[in-house]
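One structure below.
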Amino acid sequence: MLVLTRKKGQQIILGDNVKITVLEINDDSIKIGICAPKEVSILRSELYLEVKQENRNAANSENTSLDKLKHFFKSPKE
Amino acid sequence: MRVKTTRFGILEIDDKMIINFPRGIPGFEELSRFIILPAREAEDFRWLQAVDDPDVALLVIDPFKFFGGYSVDIPQDILAELKIKEPSDTLLLTTVTIPRDNPEGTTANLLAPIILNLKTNKAVQVILKDSPYSTKHRLFSLNQSSQTITKDHQKRDGEGK
């Protein structure tokens, strides 16, 4: 992992076309600007982790739980 | 081909049923091949079963059947990646989590739908940006008894399928 220090206004370039700028520095947070092509996905990592965890939860479902669920539906008529 | 599954035993499936997730899915990044199986226990629920790991099967639903107002703007780059040309090429699914011992608390992940191109059998799980939805959206409203709990879709005007 590369660790470096930037001051407000300074930038970092990743690869050919991702540019990161430090826009603002506050006491406990910083504002970052990211320029990247549309194909590059930019995500707050906690969001990815949340989805990851939810997928794991969905994979822990058992047939028995599903069986209990059907009692919650009125007979479905489309 | 034969697919070993923990929940359903060994299945003989047509290779054409295999859906390819080139990027895997969050939490199972190394798994790229899945098949969709109906859930015998409950209509409208399906299992997304991993071909290469018998233990991995995610419960999924067509969210439009359960959430009348749900709408998803599929990002352009995803449409391009999946080579989706027509809306009818697309199947959208969301994962569902049933908390053990609390089926009333079942939730769907409306924030990260799985977008599937039915023509090419390629799929991606997309994490929506700037989305009003959550990863844990309740299927059932909080204040209904078990006799009268109805799916949200009964409130909506007849959307197809």
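The values are calculated or read from the model by the stated rules, or taken from the named source; none is laboratory data. Nothing here was measured: the structure is a model prediction, and the numbers come from that model. Quick reminder, even Gly has a Cβ in these numbers, built from the backbone with ideal geometry, and neighbours come from all protein chains shown. Just so you know, the surface numbers come from the protein's heavy atoms only, side chains and all, with ligands and any DNA or RNA stripped out. Shrake-Rupley method; radii C 1.70, N 1.55, O 1.52, S 1.80 Å.
A few comments on the model shown:
- The Rg/Rh ratio of chain A, with both radii computed over alpha carbons and Rh defined as the Kirkwood radius, is 1.28.
- Here the contact order of chain B, divided by its residue count and restricted to Cα pairs under 8 Å and six or more residues apart, works out to 19 percent.
- Backbone amide hydrogens, once placed in the peptide plane, bring B:Phe45 within less than 5 Å of B:Ala39, excluding anything fewer than 5 places away on its chain.
- With the alpha-carbon atoms of the protein assembly as shown aligned to their principal axes, the span from lowest to highest coordinate is 61, 46, 35 Å, starting with the largest.
- Just the protein heavy atoms count here, and of the accessible area of the protein assembly as shown at 1.4 Å, carbon and sulfur take up 51 percent.
- Peptides B:43-56, B:76-89, B:123-136 ranked from most to least packed give B:43-56, B:123-136, B:76-89, packing being the mean of other C-beta atoms within 10 angstrom over each peptide's residues.
- Solvent accessible area, Å² - A:Val22, 1.4 Å probe, full protein context: 20 Å²
- For GluC sites (Glu not before Pro), the sites in segment B:4-33 that DSSP calls loop and that have at most 15 other Cβ atoms within 10 Å are B:Glu29, B:Glu30.
- Averaged over the residues of peptide B:96-104, the number of Cβ atoms from other protein chains lying within 10 Å of each residue's Cβ is 6.
- Length-normalised contact order for segment B:32-74 - Cα pairs under 8 Å, 6+ apart - percent: 29 percent
- Residue-averaged beta-carbon neighbours from other chains (10 angstrom radius) around B:40-47: 5
- Computed [θ] at 222 nm, deg cm²/dmol, the protein assembly as shown (DSSP H ≥ 4; -39,500 (n - 2.57); rounded to nearest 500): -3500 deg cm²/dmol
- Taking every alpha-carbon pair in segment B:13-89 and binning the separations at 10 Å intervals from zero gives 15, 39, 41, 5 percent.
- Among the protein heavy atoms, those of B:Ser71 account for about 80 Å² of accessible surface (1.4 Å probe, every chain in place).
- Exercise: per-residue mean of other protein chain Cβ atoms within 10 Å, A:43-56: 6
- Computed across chain B, the Kirkwood hydrodynamic radius from all distinct Cα-Cα pairs reaches 16.7 Å.
- The relative contact order of chain A comes to 15 percent, based on Cα pairs under 8 Å that sit 6 or more residues apart.
- Inter-label distance, nm, simple model (7 Å from Cα along the C-beta direction), A:Leu2/B:Glu30: 2.9 nm
- When you work out D = kT/(6 pi eta Rh) for segment B:19-58 at 25 °C and 0.890 mPa s, using the Kirkwood radius from C-alpha pairs as Rh and the Stokes-Einstein form, the result is 234 µm²/s.
- Rg(Cα)/(2.2 N^0.38 Å) for segment A:2-46, N = residue count: 1.22
- With a Cα cut-off of under 12 Å and a minimum spacing of 8 residues unless on different chains, the lysine pairs in chain B number 8.
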